[in-house]
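The values are calculated or read from the model by the stated rules, or taken from the named source; none is laboratory data. Please read all numbers here as calculations on a predicted model, not as lab measurements. Here the Cβ positions follow ideal geometry from the backbone for every residue, glycine too, while neighbour counts run over all protein chains shown. To get the accessible areas, we keep the full protein, side chains included, count just its heavy atoms, and leave off ligands, DNA and RNA. Shrake-Rupley method; radii C 1.70, N 1.55, O 1.52, S 1.80 Å.
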Amino acid sequence: MAGLLATITVSHYLAVGAFFFVTGVLCMATKRNALGVLMGIELVLNGANLNFIAFGSQYLREETLGLDGQLIALFVIILAAAEAAVALAIALSFYNAHSTIDVDQGDELKG
Amino acid sequence: MDTSLLPILLGLAVLLPLGSFWVILLAGNRLGKQAATVAVGAIVGAGVLSFWSLAIWLVHYYPTESGHGTEHHDGGLEHGHSDSDGHSPEPHALRSGHAPARAAADGVSGPDTLTADLTQLVSLATDDAHGVAGPSPAEPTDGESAPQEARGPPFAGDYYTLGLFGRMRLTIGYYIDTLTVLMFCMVTLIASCIHFYAIGYMHEELHDVTDHEVTLSSGRHLTRPGRFHRFFQYLSLFCFSMLGLVLAGNIAMVFVFWELVGICSYFLIGFYIERKSATNAANKAFIVNRVGDFGMIIGLMALWTGLGTFSFGSVDANSNGTIEADEQGMFELVRPGPDHHYRVPLGMALAESRKEVATLVQSWNAEAARSGKRLDKEELHQRLARHAEQAGWLEPQGDKAPRGYWWLIIGGVGIFCGCVGKSAQFPLHVWLPDAMEGPTPVSALVHSATMVAAGVYLVGRFYPMFTPEVLWVIAVVGCITLFMAATIAITATDIKRVLAYSTISQLGYMMLSLGVGGWAAGLMHLVTHAFFKSLLFMCSGSVIHAVHTNDMMEMGGLRKKMPYTAYTMLVGCLAIAGVSIPFVVGFSGYYSKDRILEQAFVFMQQNHSVWGALFFYAALGGAAITAFYMFRLWFLTFAGKPRNQHRYDHAHESPKVMYVPLIILAVFATGVAWKPFSWLPGSGLHLAALLEQARPAGVHGDLTGYWTRLVWPDEHFAHAPEQFYSVVVPVTLLATGTALSGISLAAVMYLWGWLSPGDVRRRFPRVYAFLWNKWYFDELYGFLFVRPTLGVARLVALFDRRWIDWVVDGCASLTRAFANAWEKIVDRGVVDGLANLFAGWVWSIGVWFHRLETGRLRQYVLYLIVGFLALFVLVSLFWSTTLAGGP
């Protein structure tokens, strides 16, 4: 139980971040539904965000990134929003073309 | 008005035509008629400068009457020379400083026949001239002891040194004496007249010209743009070349201008370049001259080997006031002061005794080496000079010539070879009649003032270098030429060809005169002949301009149509025939030709040899024939009835710009040898006296050679008062008699018709054919030289095609085969193979990779992950703190 009472360090955050990341990646790799893939992407991005926040926090580490970490996280959030908008548009268009949003159906770009 | 101005003035006179040449060359056709203005301006400017120089010369060295005098041959200077040779200052008199003393000494001893005022003038002039050299210890102060003659020194100097090659100094130099100045005046005056005349003669060239002598393959005549500007451009270059040649101070420069004159004549003879005959004539002139120039180059090499200098006069090159050994000119080396007698220069003697010199030098070197020294070049040269002196190498051994004598002969004959080519002497005279293909003003220029005059001028200029043996060669060549050309002229019917042969004949006269010792006579004839021959040519041009044919058989009676041309030409004929009232007055040809005949006569008297008689009687016979064919020409052209009515009707007098030069030249042809100021007491100003001032030091006095026993009499001998009745009177009467007989024979045959030329022709068919075919010279040369050359050329061409081509073709096919093999193996195999191999690899890699491109999104994500992991593993494995920039 001692582990649960130990002080929260960067490593804990990193572990959670890695968990999100891996979950996100698996989600991207396994989901056939385009919306599921999108969610996986969000998870990956947020896992990365968690890392930035952790490295940027002055309570957790001496050699902190400082405000840079938070700012990068902010950028990533904005990017994620933009990306979600574009991706949803793609999904709609995909649906128009294929009457489904199963990404496995969109293999016309096969080399 | 100092004599130091002379080189500048004359140098400018040379450069003006060159400037005109460049202006016309660069401006080209745009100038139009202004080309003539430029060229005329340049040559008239040169003429003004030349006469300015003559004036300066006369102010300083006015020729004076020496007291004796025959009726007409009273050159002022002859008398004083017979007793001493010392009158002639050395070429460097102006700079060396000791000449004034000698001149003064002459003055004391010389006979005094001058009136006081003129003496004053003369002594002033000499004072002024000597002023350049600094104070003189024995300047004549009173009129009584003034110099008996005012004789200018030759001015020799350098404008610019081109280079020093060992002992050889290559410079742009000048050599100025009265001969130079007179030639300048003569050339520029005649050339100016010819330029003006050419404006009229060449006016057709201002527009497109249809050449009726050139038929194209389409059957029509050639029409081409006019070449007015080009004509004047060449004329300017021609004048530049000739003036440069006359001014040249060394033989190398002479050679350069010599060739320039040659190339200009080539351009101008071939002016109607579309005519085959014109290009042939131009080639002939150029090639024949090459033959002569080949000899000239040999002569130049011989002279340079023996003398080590090209310079005529001694030039104080380092300006230290004295002439050192390596600054001496050729004349000084061959005829050293003070007596200016012939001496074989040391260099030539050493060159002939090369073996002895080698042993001597070897032994001296060995001797010096034993005592541990080394002899430098200077020391060796001095020892050789001493040895040559002691061993008597420079002296004639009994009857044998001194060592190195034949080097002088080779040099002299070589230089004369060049003159034979340029002055159209036998056997290289064949180019000159063909040179009639050029426009007539060119003929006039080539045949009077420039090209052919150059040869005679050079013989005159080079005179101190000629040994008696060379003079003999010159005389023989001149003698053959004058007689041969005169006889050919009898039968010619082309008006310009008659004049061409007449020119050759007159040049033969000059050469003969120079060859028998008549230096002043020959050069005087050069000047007088230049005037009347240019006049005659321009008159014939005027006639051709009017009737558009050269054939005299289609002329006749033109006197009424073109009076100016007819009577100026009559003056020319009278001048060339040497007509005179004996001992009173005559045309210019009378004075010069009589001098030549007198010299030949004296030569005959003093040598009881067949040569003397040959020279004199050939000259005399030539004079008669000259008179005959010149008046035949005049009667056929201007007298009698027109033989071609159509041409006669179209004939007209030439425009003013053409006949005014004729009148000017006629005036000079009449009176150029007169004494203009004979009413002035003591004035000896006339052509002969001026030339006499330029007489090279040491060439007067009797001469005899080693290999010939002939004696070359002093030219002044004939004009001594005591010889008046034994030489002058018989020769003058004989000459006048022959001239009159020639003229009357012409009148009998062609004016009055008492003797039909056709009958004479039928009576002597062989002689006629011989003369009509010009002594078969062209055929002979064709047989001797042209055909063998062509035969050899054909053989060589065969060899070329058979063997040389075979080798060349073989090389070519070898190269081709090699190239083919190379292409197959190296290029296609190695280079292309490598490139294709890589391309194949890249292709197959691409093909392999495209299998990854499944189009399935989730698979891509898998790749992403795999790649990311791989990167992660790699970085983890190879990570190090140094890579990250840590400690």
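Computed about its Cα centre, the charge dipole of the protein assembly as shown is approximately 3560 debye, with only Lys, Arg, Asp and Glu carrying charge at their Cβ. Chain A contacts chain B over a buried accessible area of about 1000 Å², both sides summed; the probe is 1.4 Å and only protein chains count. Overall shape of the stretch B:668-797 was characterised from the C-alpha gyration tensor. The equivalent ellipsoid obtained from it has semi-axes of 43, 30, 18 Å, in decreasing order.
Look at the stretch B:861-867: the mean tally of other chain Cβ atoms within 10 Å of its residues' Cβ atoms is 3. Rg/Rh for chain B stands at 1.19; both radii use Cα atoms, and Rh follows the Kirkwood definition.
Each other residue within a Cβ distance under 15 Å of residue B:786 adds +1 if Lys or Arg and -1 if Asp or Glu, for a net charge of +1. Among the residues of B:845-857, the average count of other protein chain beta-carbon atoms within 10 Å of the residue beta-carbon is 3.
Put a dot 7 Å past the Cα of residue B:168, heading toward its Cβ, do the same for residue A:62, and the two dots end up 9.6 nm apart. For chain B, excluding the exposed loop sites themselves (chymotrypsin sites (Phe, Trp or Tyr not before Pro), DSSP loop, at most 13 other Cβ atoms within 10 Å), the longest remaining stretch covers B:1-676. Across the stretch A:32-39, computed HN-Hα scalar couplings (Karplus, 6.51 cos²θ - 1.76 cosθ + 1.60, θ = phi - 60°) run 9, 6, 4, 5, x, 4, 4, 4 Hz from first to last residue, x flagging Gly and Pro.
Compute the accessible area of each residue in the stretch A:81-111 twice, once for its chain alone and once with every protein chain present, using a 1.4 Å probe on heavy atoms, and list those whose area falls by at least 50 Å². Flagged in the stretch A:81-111: A:104, A:111.
Of the whole protein surface, residue B:20 contributes about 10 Å² of accessible area at a 1.4 Å probe radius.
Placing dummy labels 7 Å off each Cα toward the beta-carbon, the span from residue B:287 to residue B:210 is 3.5 nm. State the percent of C-alpha pairs, over all pairs in the protein assembly as shown, separated by a distance greater than 55 angstrom. Summing the P(r) tail past 55 Å for the protein assembly as shown gives 38 percent.
Counted residue by residue at 0.36 nm each, then reduced by the alpha carbon distance between them, the extension gain from residue B:849 to residue B:305 reaches 187.0 nm. Once the chain from residue B:645 to residue B:767 is taken as fully extended at 0.36 nm per residue, the excess over their C-alpha distance is 40.7 nm.
Shape class for the stretch B:192-341: prolate, because the ratio a/c of the largest to smallest gyration tensor axis (alpha-carbon atoms, square roots of eigenvalues) is 1.5 or more and a/b beats b/c.
Of all the accessible heavy-atom surface of the protein assembly as shown, with the other protein chains kept in place and a 1.4 Å probe, what percent is carbon and sulfur?
Of all accessible area on the protein assembly as shown, carbon and sulfur atoms account for 67 percent.
Modelled label positions at residue B:274 and residue B:297, each set 7 Å beyond Cα in the direction of Cβ, lie 3.6 nm from each other.
Annotation: residue B:828 carries an accessible surface of approximately 130 Å², with a 1.4 Å probe and no ligand, DNA or RNA atoms counted. Under the rule a/c < 1.5 gives rounded, and otherwise a/b versus b/c splits prolate from oblate, where does the stretch A:9-99 land using the Cα gyration tensor? It comes out oblate by the Cα gyration axes.
From the alpha carbon centroid of the stretch B:713-779 to that of the stretch B:455-482 is 23 Å.
In chain B, helices alone account for a calculated mean residue ellipticity at 222 nm of -20000 deg cm²/dmol, with every DSSP H run of four or more residues adding -39,500 (n - 2.57).
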